[in-house]
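Working notes for the structure below.
The values are calculated or read from the model by the stated rules, or taken from the named source; none is laboratory data. A quick note: this is a predicted structure, and the numbers were derived from the prediction, not measured. Positions of Cβ are generated from backbone atoms using ideal geometry, with glycine treated the same way; all protein chains shown enter the neighbour counts.
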Amino acid sequence: MRLTSSLAPLPILDTPSAARDLPRRLLNLLPIFAPLSEEERVALERKMKRRTYKAGDALARQDSVASRLSILSAGVLIATRKHGAAI
């Protein structure tokens, strides 16, 4: 199964201000956050943390419960099942 999105990729974060504004831009661009009030978005923005992963790093493991929501803003994510089969 191929993972797809109807969203256009975010522009490259080539300036410090663009990287600093990324949490706010994500909250404003992604439909999942549309129902939130401005107050709720501000509270969520304060809790957001940028993480960088290397090739081969795991964001989650099969059969485990994730403790956070991850939003991929750049790069490629491949989901696999046990025994390495891509899904």
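Worth a mention:
- Every condition in (1) out of contact with any helix residue (DSSP H, G or I) (no Cβ under 9 Å at 6 or more places or on another chain); (2) of a type outside the set (Asp, Glu); (3) on the phi < 0 side of the Ramachandran plot; (4) not in a loop (DSSP other than H, G, I, E, B) holds for Arg51 except the one numbered (4).
- Test: residue in region 52-59 that is loosely packed, with under 10 Cβ neighbours inside 10 Å and of a type in the set (Ser, Thr, Tyr): yes
- Test: Glu45 is of a type in the set (D, E, K, R), exposed (fewer than 11 other Cβ atoms within 10 Å of the Cβ), modelled with pLDDT of 85 or more and not in a loop (DSSP other than H, G, I, E, B): no
- Failed condition for Ala85, given (1) under 19 Å from Asp21 (Cα atoms); (2) at pLDDT below 80: (1)
- Restricting Leu30, Leu44 to residues that are touching a residue at least 40 places away in the same chain (Cβ under 8 Å) and over 30 Å from His83 (Cα atoms) narrows the list to Leu30.
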